[in-house]
1. With the Cα gyration tensor of segment 146-187 giving a ≥ b ≥ c as the square roots of its eigenvalues, does the rule (a/c under 1.5 for rounded; else a/b larger than b/c for prolate; else oblate) give rounded, prolate or oblate?
2. Taking 2.2 N^0.38 Å as the expected size of a compact globular protein, what ratio does the Cα radius of gyration of segment 93-187 give against it, to two decimals?
3. With every atom except the alpha carbons ignored, what do you get for Rg and Dmax of segment 115-156, in angstroms?
4. Name the residues whose placed amide hydrogens come within less than 5 Å of the amide hydrogen of VAL148, ignoring near sequence neighbours (fewer than 5 apart) on the same chain.
5. Could the peptides 34-47, 138-151, 113-126 be put in order, highest first, of the mean number of other beta-carbon atoms found within 10 Å of their residues?
6. Mind giving me the nanometre distance, one decimal, between the label points for TYR127 and THR185, set 7 Å out from Cα along Cα→Cβ?
Amino acid sequence: MASFLALSLREVVISGFGGLALLAALSQGPLHTRVVPSQSMAPTLQVGDRLLIFSSRSGGSVQRGELVVFHPPFRKIPGEPQTGPDWMPWGQESVYVKRVIAVEGDVIQVISRHGVLINGQPLNEPYIVSPPRYDWGPHSVPDAHVVVLGDNRNDSFDSHHWGFLPVERIVGRPTLRLWPPSRWTFF
C-alpha cells in the first residue's frame, strides 16, 4: 500500500510539472495568463485571480454578457466630458477585462440607481455589486464597436468613461480562472 501511495504521489508531481510545462508552452501562443489587478469586475473576478486567456487576432463575434480582454481605446465619446483619471495608463500594453453590455446597433442608457437599459428594456444583471450611481446615454453603439462595463459599476474605468470599444481592440477572452484553486471556474 505504501508503494502505491508513493507511486501515486510521484505521478501527481510529474503530471503537475507536465501540466505547468504545457501551460508555459501554450502561453507563447494563443493561451496566456493574466492576474486581475483591481476590484472593477467584483464579484465575478477578485484582485489576485489568475486567468487563462485565449487570445485571438480579432474580436470575432462578440456576444452581450461575455467577458473580454482588450486594449482600452485612446479616445472618449466626442462631445462628452472626460471623466477618467489623468494618471490612467493608455499605452498599447494596457490590458483590461470587462463584460460586454451592448453590441453594435444597440441603444444603451445607464440610469443612476436604476440600471442599464438596452433598446429601452431593463437589462437583467445578477452579476453586479450594486446599481450604478451615474447616468450615461442614451447612445447608439456604432458598427464594429461594443460597450463594456465592469461588474463593480461604481468602481470601474470602462465605456461610461471613454466610450465605445472598437471590436478590433479585443485581444481575447478569459477561459479559466486558474487561481485560487477554491474558485477554479470556466468562463
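Where a number appears in this text, it was derived from the coordinates with a stated rule and is not lab data. The structure displayed is predicted, hence computed values, not measured ones. Cβ: placed from backbone, ideal geometry, glycine included. Neighbour counts: every protein chain shown.
1. On the way: a/c = 3.94, a/b = 1.65, b/c = 2.39.
The shape class here is oblate.
2. Numbers: Rg = 14.1 Å, N = 95, 2.2 N^0.38 = 12.4 Å.
Rounded to two decimals, the normalised Rg is 1.13.
3. When restricted to Cα atoms, segment 115-156 yields Rg and Dmax of 10.9, 30 Å.
4. So VAL148 has HN proximity to ILE101, SER159, LEU165.
5. Details: 34-47: 17.2, 138-151: 19.4, 113-126: 12.9.
Final packing ranking: 138-151, 34-47, 113-126.
6. 0.8 nm
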